[in-house]
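These notes concern the structure reproduced below.
No value in this document is a laboratory result; all are computed from the given coordinates. Keep in mind that what you see is a predicted model, and the values were worked out from it rather than measured. In this analysis, Cβ positions are derived from the backbone assuming ideal geometry, glycine residues included, and neighbour counts consider all displayed protein chains.
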2 protein chains.
Amino acid sequence: MMQVYPIGIVRYWTEGKHTKNTVQIEIYDQFSAGLKGIENADSLWILFWMHKLSEADRKVLQAHPRGDVTKEKRGVFALRSPMRPNPIGLTKVKLVERKGDVLIVEGLDAFDETPVLDIKLA
Amino acid sequence: MMQVYPIGIVRYWTEGKHTKNTVQIEIYDQFSAGLKGIENADSLWILFWMHKLSEADRKVLQAHPRGDVTKEKRGVFALRSPMRPNPIGLTKVKLVERKGDVLIVEGLDAFDETPVLDIKLA
């Protein structure tokens, strides 16, 4: 059995003015040692669990490119569609700032409260 | 609970002459519909399960950059080290050829028999 678990969570801003394209990634206490030195990175890969997809969504194997129904369906492995058997999202982000266990990143394509699975140096 | 399952498996060549840097990815029957149109792709992201890592490896949060012990340890999220809480590997490959449910790819950094979790258009 292959099980994954969150190392952190996406938090949208709740107040104040911020560059609209930035979000916060809060890393859980028990994983914060894994952040050592990350403040020197420019770009990071964020792997996250697309928690809004259902079990039924995981069974969808073909979709219209970019949801455009005028285009013929293609296999999900030939697309960037969120629907796929393992709902793991992947986005390259710019690291704007590290504040303790919180990373402020630009360009993350994930909903508020998305579980984060992994971060890799890009 | 967040569970993933393999959509296919990495198969090294067992015979014949091949470009040394290519491997085969065999997609399981029940997921082959997800390959439709993939033959037109140049590059793909392969997400795979690093099956040789142990549960103990998943608890390692800091490592030497590229295993170089003369360098100070950094957090695994600031590295490309295979050790990390969720052992998901990520490599961008060149699609050389599709042969039915088998993809011949160049540049995959994964062992023989590695479970493949996802393929995304790069």
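What you get for the protein assembly as shown, charging only the Cβ of Lys and Arg (+1) and of Asp and Glu (-1), is a dipole of about 380 debye around the Cα centre.
Between identical copies, the spacing of B:THR14 label points, each set 7 Å from Cα toward the C-beta atom, reads 5.7 nm from nearest to farthest.
As a quick test, which of the pairs A:LYS59/A:LYS120; A:LYS36/B:LYS59; B:LYS59/B:LYS94; A:LYS73/A:LYS120; A:LYS52/A:LYS99; A:LYS71/A:LYS92 have an alpha carbon distance above 25 angstrom in this structure? Write down the numbers at each step before the final one.
Working: A:LYS59/A:LYS120 28 Å; A:LYS36/B:LYS59 15 Å; B:LYS59/B:LYS94 32 Å; A:LYS73/A:LYS120 32 Å; A:LYS52/A:LYS99 28 Å; A:LYS71/A:LYS92 27 Å.
From the list (A:LYS59/A:LYS120; A:LYS36/B:LYS59; B:LYS59/B:LYS94; A:LYS73/A:LYS120; A:LYS52/A:LYS99; A:LYS71/A:LYS92), the Cα-Cα distance tops 25 Å for A:LYS59/A:LYS120; B:LYS59/B:LYS94; A:LYS73/A:LYS120; A:LYS52/A:LYS99; A:LYS71/A:LYS92.
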